[in-house]
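Visitor: I'd like to ask you about the structure that follows.
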Amino acid sequence: MLEAEQLDSYRQKRDPTRTNEPFSPERKRSGSETRSARFVVHLHAATRTHYDVRLQVGGVLKSFAVPRGPSLNPEDKRLAVHTEDHPLEYLDFEEVIPEGNYGAGPMIVWDAGRVRYLESAAESGLEHGKLDFELYGFKLRGRFALVHTGDRPRSSRAESNQWLLFKKGDAFANTETDLVSDQPFSVLSGLRVEELGQRREIARRLEERAAELGAPERELDARKLTPMLCATSGAGSSEPNRFYELKLDGVRILADKHPGGVALRYRNGRAATASYPEIARAVRALAAERLVLDGEIVTFDDAGRPNFQRLAPRIHAVRPLDVLRASAEVPVVYVVFDLLAVGRRELLTLPLESRKALLEELNRGPGMIRVLDHFEGDGTALFEFCKAQRLEGMVAKHKNSPYRPGPQRSEDWVKIKCDRDDEFVVIGWLRGKRARERLGALCLGSFSNGALRFRGRVGSGLTERSIDELLELLKPLQRPDSSAAGAPPDDLKEAQLVEPKLVVSVRFQGWTEEGRLRAPVFLGLRGDIEPSACTASPPEESLESAPGDRGPGAPQLEGDEAGSPTSSGGSANQVSARVILSNRDKVFWPDDGYTKGDLIDYYATVAPAMLRFLRGRPVVLVRYPDGVDGKHFYQWNAPLGTPEWMRTLELSDKDQEEPGKDPEEPTKKQVFLIDDVDGLAYIANLGCIPIHVLASREKSPHDCDFLTIDFDIGEKTFRDAVVLALSLKELLDELSLPGFAKTSGQKGLHTLIPLGPGASFETAKIMVELLGRLLVAQHPKLATMERRISKRGPRVFVDTGQTGASRTIVAPYSVRAVPGATVSTPLSWSEVHVALDPARFNLMSVPSRLSEVGDPWVDFFSAEPDIPQAIEKLAARLART
């Protein structure tokens with residue numbers, strides 16, 4: 001069954017021109033069964049406040065209304081009424097549904113996460129009336145069941161929808177905690193459901209509070225901000241004027257929220273937004289329109305401890321499909337410990353104590369964003385906990401300190417690290433001086449990514465007894481060269497080298513930037529451990545061979561404050577060696593950090609869909625050699641040096657009619673033809689961002705393949721363009737004409753109408769003019785065809801002038817040279833609705849969208865409409881208006 005058919009009931013209850021709920025693109029269900037997926041629980045204050053448990057099954061969300069909400073008590077059996085299926089886009093939906101719509105009222109994401117179906121696939125469980133599943137959410141964890149209440153074939157319609165939801169007995173069961181009353185906050189925005197409609201008021205109060213605390217009205221440019229760094233000494237574990245926080249084992253991230261969107265940046269300023277889309281979504285949901293946050297993105301091991309190694313797939317996932325897979329496998333949270341700007345107020349000069357108070361007021365609920373807790377005045381208990389759990393340690397922060405941007409370090413923030421114990425293999429030994437002449441230090445190594453690596457020396461802790469024992473074991477193992485990979489470092493040049501067979505236990509305080517042990521102390525021999533089991537290594541080194549490795553552009557991680565990718569990696573797999581790519585790391589979108597390499601990889605990824613439209617079609621390039629903030633120029637003619645394999649086409653004035661054409665302009669143009677992925681990569685390497693196309697093909701330059709109506713919203717909203725586009729769709733259906741919608745990639749919306757073979761440009765111009773007039777006649781207060789901006793007024797410009805032999809339109813799947821790197825994205829009509837956000841389609845999200853829903857325009861050129869009949873109907877309809 002098509003996903004669209006499963007959502008028929010959902011669509012019938014909702015008007016896409018009035019509700020802000022999502023409408024899904026049409027998906028074909030795969031033949032595979034659902035064993036694991038995502039879930040969301042909404043708290044919905046509609047006519048009656050209730051919870052909606054939504055479990056992903058195939059391409060939809062199976063939804064159950066639970067009036068009393070979920071419970072962790074196995075004795076609680078909660079009624080769950082099976083309601084209509086919802087689109088997958090509801091997984092992130094958190095809005096106030098406007099009055100007059102079905103389900104009007106605020107709805108928050110009360111919980112979200114992954115679901116794993118246990119006894120059978122989800123489809124089979126639904127059919128047989130029993131779903132056994134495990135949830136991995138922020139609030140709901142462990143095994144649950146949904147069981148149908150009656151004899152399904154004999155039940156009435158109402159009874160057939162009734163199920164029971166209950167918790168299974170396991171380690172996450174809890175008979176004392178009432179989640180409904182104890183956990184009222186959204187895991188996205190941190191708001192209560194009754195606060196959702198008061199976001200502006202909440203943000204205003206927060207900004208006023210910042211002003212009362214003395215925060216100046218000043219813009220903070222987060223793009224130029226280096227995060228505050230810690231000193232390695234200067235504080236004790238118990239000082240009355242300090243806060244003590246857990247030292248997180250993650251990647252440092254500055255989150256910059258502004259009216260145009262959210263940018264996540266690593267410590268060195270490189271873009272991280274595309275790698276953590278769920279965190280960007282959560283930051284966007286916070287009440288204030290303007291925020292700068294400082295924190296770390298972390299993931300946790302099975303014991304609930306932050307684990308840097310587990311972040312490897314997330315850090316290295318560069319291409320959108322890799323990000324999609326990594327997001328499913330490695331859930332992350334953004335643990336925030338500082339607030340640097342809110343609204344128009346910059347907070348750097350406020351004391352830490354005040355900044356933390358504002359931060360806790362901003363986000364109160366545990367979810368995708370968490371405020372880091374702290375101890376005040378005494379960190380002894382936290383430090384003992386860190387040692388017991390083998391955590392890195394803690395950070396002591398002076399509670400009256402301002403925020404001091406790096407790279408200089410300040411004793412206002414001081415790292416206090418725990419000693420660690422681990423095992424290393426001995427690869428050599430050095431003589432000492434005086435009493436320690438026999439053996440001064442052991443040279444240590446450990447295995448990382450299949451190679452034995454030098455880890456430094458240890459001499460502290462050696463006793464005469466241990467030296468006797470070690471020398472007896474080491475002398476028979478001598479060898480002439482080093483067993484460690486790479487050139488021998490200076491530390492090994494005078495060492496007696498040995499076979500890597502002896503294992504010792506060492507206590508140390510972390511790693512130096514060179515990957516050596518810091519302050520190591522010898523603890524003893526370990527005869528019970530094989531050398532191959534010695535795998536202790538700096539966290540950054542363990543990521544070198546992680547899935548999705550960027551190669552030369554992998555994150556350059558700085559000691560224990562790791563997590564700052566510096567460049568994109570190698571080219572996409574589809575591009576052949578004949579394409580010479582240069583300066584892939586050049587930043588093209590400074591606000592977002594996207595590079596020319598990201599652009600090249602994007603076009604290579606979407607090539608199968610995009611080339612259906614581009615093959616054999618003349619294109620016009622718009623080149624931005626220095627990125628979107630630099631100068632740009634249109635380029636019709638292929639430049640000198642174009643490789644022979646890149647096809648071009650000569651166009652003459654006979655092929656094009658260009659009113660107002662400069663008489664000195666050459667009468668012929670040598671334009672590009674883009675037929676394959678190499679061609680896309682080549683023009684992207686030239687700095688071409690948007691690609692504009694003509695409506696004709698090389699073999700039929702006088703035939704118009706399609707006509708275009710461009711809804712230019714001007715001062716109006718995208719919502720108004722949607723209303724007009726849907727009205728146009730109704731008109732096209734009446735005329736038996738196909739229509740295909742796409743975002744412009746900027747503010748507007750395009751509708752393209754394929755004409756089939758043999759249509760002339762004169763016919764196309766007549767048709768598009770008639771369609772425009774009819775549309776404006778239907779919506780005179782909303783739309784106009786007036787070309788002069790001064791006379792349009794506050795109306796949407798229905799631009800019919802994009803149809804002509806020399807007229808171009810931005811190609812489907814073309815990236816635009818605007819902040820966010822948005823894409824002109826083909827849509828299915830089922831997803832064109834007033835709450836559609838065109839900014840969500842960008843060079844990072846569109847490839848994932850293509851993999852999930854396919855190309856909505858796959859049938860564009862198979863249409864063969866009856867054009868003469870459509871023109872007759874149009875003329876008759878116009879005569880009646």
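The values are calculated or read from the model by the stated rules, or taken from the named source; none is laboratory data. Worth saying up front: this structure is predicted, and the values here are computed from it rather than measured. Cβ placement follows ideal geometry from the backbone for every residue including glycine, while neighbour counts extend to all protein chains displayed. Surface accessibility is based on the protein's heavy atoms, side chains included, excluding ligands, DNA and RNA. Shrake-Rupley method; radii C 1.70, N 1.55, O 1.52, S 1.80 Å.
Visitor: Let me make sure I get this right: for the stretch 737-782, a, b and c are the square roots of the gyration tensor eigenvalues over alpha carbons, sorted descending. Under 1.5 in a/c it's rounded, otherwise prolate if a/b > b/c, else oblate. Which is it?
Guide: The shape class here is oblate.
Visitor: When ligands, DNA and RNA are left out and all protein chains stay put, how many square angstrom of accessible area per residue does the stretch 368-467 have with a 1.4 Å probe?
Guide: Here the residues of the stretch 368-467 average 47 Å² of exposed surface.
Visitor: A follow-up question, please. Treating cross-link reach as a plain straight distance, find the lysines whose alpha-carbon is under 30 Å from the alpha-carbon of K130, omitting any fewer than eight places away in the same chain.
Guide: Qualifying lysines at Cα under 30 Å: K13, K28, K62, K77, K139, K167, K168.
Visitor: Which value results for Rg/Rh of the stretch 42-120 when Rg is the Cα radius of gyration and Rh the Kirkwood radius based on the inverse mean 1/r?
Guide: Looking at the stretch 42-120, the ratio lands at 0.97.
Visitor: Give me the Kirkwood hydrodynamic radius of the stretch 206-312, using the inverse of the mean 1/r over all pairs of distinct Cα atoms, in Å to one decimal.
Guide: 16.1
Visitor: Roughly how large, in nm² to one decimal, is the mean projection of the convex hull of the alpha-carbon atoms in the chain?
Guide: Mean orientational projected area (the chain, Cα hull): 44.8 nm².
Visitor: Shifting gears a bit: Can you give the direction-averaged projected area of the convex hull of the alpha-carbon atoms in the stretch 416-465, in nm²?
Guide: Directional mean of the projected Cα hull area for the stretch 416-465 stands at 4.9 nm².
Visitor: OK, next. Cross-link partners among aspartates and glutamates for K501, C-alpha distance below 13 Å, same-chain residues fewer than 8 apart left out?
Guide: Within the straight-line cut-off, K501 pairs with E423, D528, E530.
Visitor: Let me ask you something else. Can you compute the charge dipole magnitude of the stretch 452-532 about its Cα centre, using +1 on each Lys and Arg Cβ and -1 on each Asp and Glu Cβ, nothing else charged? Give it in debye, rounded to the nearest 20.
Guide: 180
Visitor: Starting from the Cα gyration tensor of the stretch 324-465, take the square roots of the eigenvalues, sort them a ≥ b ≥ c, and report rounded, prolate or oblate (rounded when a/c is under 1.5, otherwise prolate if a/b is larger than b/c, else oblate).
Guide: Judged from the Cα gyration tensor, the stretch 324-465 comes out prolate (a/c at least 1.5, a/b above b/c).
Visitor: Additional query: May I ask you to give the percent of accessible area on the stretch 347-404 that is carbon plus sulfur, with a probe radius of 1.4 Å?
Guide: Taking all protein chains in place, the stretch 347-404 shows 52 percent carbon and sulfur surface.
Visitor: What is the Cα centroid distance between the stretch 663-716 and the stretch 203-240, reported in whole angstrom?
Guide: Between the Cα centre of the stretch 663-716 and that of the stretch 203-240, the gap is 49 Å.
Visitor: Let me know the shape class of the stretch 321-386, please: from the alpha-carbon gyration tensor, a ≥ b ≥ c as square roots of the eigenvalues, rounded when a/c is under 1.5, otherwise prolate if a/b is greater than b/c, or oblate.
Guide: Oblate shape, in that a/c is at least 1.5 and b/c is the bigger or equal ratio.
Visitor: Starting from the Cα-Cα distance between Q478 and F172, subtract it from 0.36 nm times their residue separation and give me the gain in nm to one decimal.
Guide: Full-extension gain reported as 104.7 nm.
Visitor: Which trypsin sites (Lys or Arg not before Pro) in the stretch 195-250 pass both tests, a DSSP loop state and at most 16 other beta-carbon atoms within 10 Å?
Guide: R218
Visitor: Find, among the GluC sites (Glu not before Pro) in the stretch 135-238, those assigned to loop by DSSP (not H, G, I, E, B) with at most 10 other beta-carbon atoms within 10 angstrom.
Guide: E176
Visitor: I need the trypsin sites (Lys or Arg not before Pro) found in the stretch 486-527, filtered to DSSP loop residues with at most 14 other beta carbons within 10 Å of theirs.
Guide: K493
Visitor: Per residue, how much accessible surface does the stretch 43-111 expose to a 1.4 Å probe? Answer in Å², no decimals.
Guide: Spelled out: the 1.4 Å probe surface of the stretch 43-111, per residue, equals 34 Å².
Visitor: Relative to 2.2 N^0.38 Å, what does the C-alpha radius of gyration of the stretch 384-538 come to as a ratio? Two decimals please.
Guide: 1.19
Visitor: Mind pulling the angle between the C-alpha long axis of helix 761-778 and the longest principal axis of the chain? Nearest 10 degrees, somewhere in 0 to 90.
Guide: 80
Visitor: In the structure displayed, which of K356/K387; K742/K873; K668/K699 lie more than 24 Å apart, Cα to Cα?
Guide: Checking Cα-Cα distances, K356/K387; K742/K873 exceed 24 Å.
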